[in-house]
Ligand code: FE
């Protein structure tokens, strides 16, 4: 498995690894249309991984319904799993969220999220891959 040096993956290789839409979002900082992605309304339990490199990024336990049409979380899984940077594109000052491992663009962070963090990680479904939690306990539909 190529578990190392994800930051050295060439652009050509990313094009081969990712679908066109994944490439547009993850590598070109695109945004999927609201209410069109796979996970905006998903309530299943599990871990959301980076669609590009597989890094665990967010737990379903911190996912909430933001009404935005994009999957939204109030906290990343670990302090290093997601990195943020100022994004001044499109005439706005926003905070961009990237995968801490491969640098893939995930979405943006806003300060109108719920407690306890008050943050809203507004992400693109296509940048994520849900790893369902099927290790017993509560099922996807709450049993
Ligand atoms: Fe990644």
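The values are calculated or read from the model by the stated rules, or taken from the named source; none is laboratory data. For clarity, every value in this text was computed on a predicted model and none was experimentally measured. In this analysis, Cβ positions are derived from the backbone assuming ideal geometry, glycine residues included, and neighbour counts consider all displayed protein chains.
Here are the numbers for this structure:
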item	result
Answer from 106, 57, 130 - the residue that is touching a helix residue (DSSP H, G or I) at 6+ places or on another chain (Cβ under 6 Å), closer than 21 Å to residue 22 by Cα and part of a strand (DSSP E or B)	106
Among (1) away from the ligand (no atom under 16 Å from the Cβ); (2) in contact (Cβ under 8 Å) with a residue 60 or more places away in the chain; (3) touching a strand residue (DSSP E or B) at 6+ places or on another chain (Cβ under 7 Å) - the single one residue 63 does not satisfy	(2)
Residue under evaluation residue 13, criteria (1) exposed (fewer than 14 other Cβ atoms within 10 Å of the Cβ); (2) in a strand (DSSP E or B); (3) within 14 Å of the ligand (Cβ to nearest atom), criterion not met	(2)
Test set (1) at pLDDT below 95; (2) buried (at least 17 other Cβ atoms within 10 Å of the Cβ); (3) within 27 Å of residue 11 (Cα to Cα) - residue 89 fails condition number	(2)
Any hit, region 35-47, residues being within 13 Å of the ligand (Cβ to nearest atom) and in contact with a strand residue (DSSP E or B) (Cβ under 8 Å, 6 or more places away or on another chain)	no
Candidates 97, 52 - the one that is in contact with a helix residue (DSSP H, G or I) (Cβ under 8 Å, 6 or more places away or on another chain), modelled with pLDDT of 95 or more and under 17 Å from residue 129 (Cβ atoms)	52
Condition met for residue 123 (in contact with a helix residue (DSSP H, G or I) (Cβ under 9 Å, 6 or more places away or on another chain) and within 16 Å of the ligand (Cβ to nearest atom))	no
